Each structure stands twice: as C-alpha cells, then as structure tokens.
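Novice: First the structure, which I've put down as structure tokens, then a few questions once you've had a look.
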Amino acid sequence: MLIDYFTGRAVAWTGMISKPHMIAVIGFLCALLIIDLALRGWRLSWSRRAVMGVFATLTIFHVNFLLVPLIWLLSEKIKALYALAGIPSIPTEFWGHAPTWLMVILALLAYDFANYWNHRLLHMRLLWPVHAIHHSDPDVNGLTAYRIHLFEGLVMWVSFTLMLTWIGLPSDAIGISAALLALHNIYVHVNVDWDHGPLRLLVASPRFHRWHHADVPEAYGKNLANFCPLFDVMFGTYYNPGKCEERVGATGVPENDVVKLLLYPLKEWTRMLLGGLSSLSRRFAAEAQSQTSEGHLEDAPASASHFNSSRSA
C-alpha cells in the first residue's frame, strides 16, 4: 500500500513539473539565477549557509508534496462543512459578461485580501510556530517562497474556502491570478533592493517584502500583504523606511535543519501547553494557599477568646 502511495506521488510529481505554470516558475527561477550571477560579476559567491538553505527549502517542498493528499482530505471536509452551512454565494454566471482582465484583477485583490488576514493570523502567538518555518531562512531568496510548513497550507486553504467561495469567481480568472501570484511570490523574495517608485503601494516589491523578513522588532508583523501593500496602509501594518540592510530570519527558530523545522510547531505547541498547565497549577496552588491562610485568620480570634474565657474562670 505504501509502495502504491509513493508511486502515485512520483507520477503526480512528474505531472506537476510538466504543467505550464510550473514550467513558467522554473523558467522564472532560472532567469533570477542568471540575474543574481550577473549582479555578482558572474562569480559563484554564495555562502555555504545559503546553499544549505536552498537544499533545506527544496527538501521541505518535497516533503509537503509527499504529504499534501492528507491536507486535501482535510480541505475537502472543510468544503463539505461550508456547503452544509448554506452560505449564499454569487453564481459564476453573474460574472459571465465581465472581461477576463477585470476578473483577473478582482481575483488578485480578493486573494490578496484573504492572504493579508490569514498572514496576520499566522503572526499571532498560537500560529506563529507554523509560519516561523517560512521566516527561518537566514538567506532569503526566490526559493524561500516554497519554504512553508504543511500546516500553513491547511490554514491558507481553509481561509480561502471561508473567505472567497461565496464570490463565485470564474475558474479561468482564478487560474490566471494564481499563476501570477505564484510568480510574484517568488519575485518579492529575491535578494535585491528593488522598489517600485510611484507603484510601490499597488504592487509589492522585494524591498517591501524584505522588511517583512527583517529580524528587528520594528518590522515584526509588518508588510503582511503578499501582492498589494495598500492593504497594509489601510490596516496600519505598512513599514518601508528605505533599503533593508537588517538581518533576516527568525531568532530562536532552527535555520536549515529540516527535521527540527518540520517538528517545530509541535514542539512549540507542546511547550505552550505545558507552560499553560504549569501556570494553572501554580494559580490553583496559590488560591488554595490563600484560602487556607484566610481560614487560619478566621480561627485565630475564636481561639484567643476561648483562652481569655478560660483564664477568667
């Protein structure tokens, strides 16, 4: 059975690589590699850590690909529950007369709006251990876009189901926008100080997103939009003071150790749970001690009164 599963995933991998959007992604990555080499004077000057980071990211990507059917099963359950809820939705036919380019723009903004809020959720304490894997790369580059934990994929699918299903966007607009967002997600992780001038609030740039990965307090939880920084401006999370020369990564998170990265959410959630239980235990112990002390204080006057009465007698 396991052999059949792995064989099926190998066949799926071959099919994935041959799809047009993946060919476009691979071609785009190769183009970025050539640009990076040109900027370095055609010298292979990558650090050993950067090379190890690329291998770690590729390993995480393939582990996710191997296990993604489990997430699909869970996402299908979420879709079924959503359907049972009977939430009204716009029929796809409603968009029938709208031009494709307009639908693509609408899909880009809708997906980025959902991405903004699930990204903001991922930066909160409970889900940060999942998203921390993406931030763990100390040498952010185009491939960093694919350094995500499997659980993060589940969070994104659930959020898209809950926030976007009702819009009823046409499948062709969704497909085109998904391809554009995938390419743009690679682009913003490239290690170059490119800004977009007057368009910087409309389309996210590598400089904008690099500040998101900066490991400094003033940048924590900033620049959460993946595509349109206007959402950050609207909701008070925009931060772009200029060229980012700060360290990138995430303090306290394993950098390129794949096993530790994959287990990191479980490790942190266990630590949070044990810490919470320990805190509750101390709280109950303190309350019990306080009640015991109050009981002793209440008994003391009665004992003193009995002693004085005995002496009078």
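Novice: Restricting to the stretch 172-191, count the residues that are over 22 Å from the mean Cα position of the chain (by Cα) and either polar (S, T, N, Q) or surrounded by 14 or more Cβ atoms within 10 Å (Cβ to Cβ) (or both).
Specialist: Here the count works out to 2.
Novice: Moving on. Which condition does LEU109 not pass, out of (1) touching a Cys at 6+ places or on another chain (Cβ under 8 Å); (2) buried (at least 20 other Cβ atoms within 10 Å of the Cβ), if it passes all the others?
Specialist: (2)
Novice: Which residues, counting only those in the stretch 34-78, are among the β-branched types (Val, Ile, Thr) and in contact with a Gly (Cβ under 9 Å, 6 or more places away or on another chain)?
Specialist: Across the stretch 34-78, the qualifying residues are VAL68, ILE71.
Novice: Output yes when any residue across the stretch 90-101 is touching a Ser or Thr at 6+ places or on another chain (Cβ under 9 Å), under 21 Å from PHE227 (Cα atoms), assigned to a helix (DSSP H, G or I) and in contact (Cβ under 8 Å) with a residue 12 or more places away in the chain, and no when none is.
Specialist: No, the stretch 90-101 contains no residue that is touching a Ser or Thr at 6+ places or on another chain (Cβ under 9 Å), under 21 Å from PHE227 (Cα atoms), assigned to a helix (DSSP H, G or I) and in contact (Cβ under 8 Å) with a residue 12 or more places away in the chain.
Novice: A further question follows. Right, THR270: exposed (fewer than 14 other Cβ atoms within 10 Å of the Cβ), outside any loop (DSSP other than H, G, I, E, B) and of a type in the set (Ser, Thr, Tyr) or not?
Specialist: Considered against the rule, which asks whether it is exposed (fewer than 14 other Cβ atoms within 10 Å of the Cβ), outside any loop (DSSP other than H, G, I, E, B) and of a type in the set (Ser, Thr, Tyr), THR270 comes out as yes.
Novice: Moving on. Starting from the stretch 59-83, keep only residues that are closer than 17 Å to ALA12 by Cα, then list their pairs with residues that are at pLDDT below 85 whose Cβ atoms are within a distance under 6 Å, requiring at least 6 positions of separation or different chains.
Specialist: From residues that are closer than 17 Å to ALA12 by Cα, the pairs are LEU66/ARG9.
Novice: Which residue pairs have Cβ atoms closer than 6 Å, lie 6 or more positions apart in sequence or on different chains, and pair a first residue in the stretch 259-274 that is at pLDDT 95 or above with a second residue that is among the β-branched types (Val, Ile, Thr)?
Specialist: LEU261/ILE133; PRO265/VAL130
Novice: Continuing with this model, one more query. Output yes when any residue across the stretch 167-189 is touching a strand residue (DSSP E or B) at 6+ places or on another chain (Cβ under 9 Å), more than 30 Å from LEU81 (Cβ to Cβ) and part of a loop (DSSP other than H, G, I, E, B), and no when none is.
Specialist: No, the stretch 167-189 has no match at all.
Novice: Follow-up. Determine whether the stretch 147-163 contains at least one residue that is surrounded by 16 or more Cβ atoms within 10 Å (Cβ to Cβ), free of Cβ contacts under 8 Å to residues at least 40 places away in the same chain, over 22 Å from ILE26 (Cβ atoms) and among the hydrophobic types (A, V, I, L, M, F, W, C).
Specialist: The answer is yes; a qualifying residue exists.
Novice: Quick one: which of TRP211, TRP157 is in contact with a Phe, Trp or Tyr (Cβ under 6 Å, 6 or more places away or on another chain) and not in a loop (DSSP other than H, G, I, E, B)?
Specialist: Going through TRP211, TRP157 in turn, the sole match is TRP211.
Novice: List the residue pairs whose Cβ atoms are under 7 Å apart, where the first residue sits in the stretch 32-46 and is farther than 15 Å from VAL192 by Cα and surrounded by 10 or more Cβ atoms within 10 Å (Cβ to Cβ), the second is at pLDDT below 75 and of a type outside the set (Phe, Trp, Tyr), and the two are 6 or more positions apart or on different chains.
Specialist: Matching pairs, first to second residue: none at all.
Novice: Separate question: Being in contact with a Lys or Arg (Cβ under 9 Å, 6 or more places away or on another chain) and closer than 30 Å to THR251 by Cα, is that true of even one residue in the stretch 139-155?
Specialist: Yes, the stretch 139-155 has at least one match.
The values are calculated or read from the model by the stated rules, or taken from the named source; none is laboratory data. All values reported here derive from a predicted model rather than from experimental measurement. For neighbour counting, all protein chains shown are included, and Cβ atoms are generated from backbone atoms with ideal geometry for every residue, glycine included.
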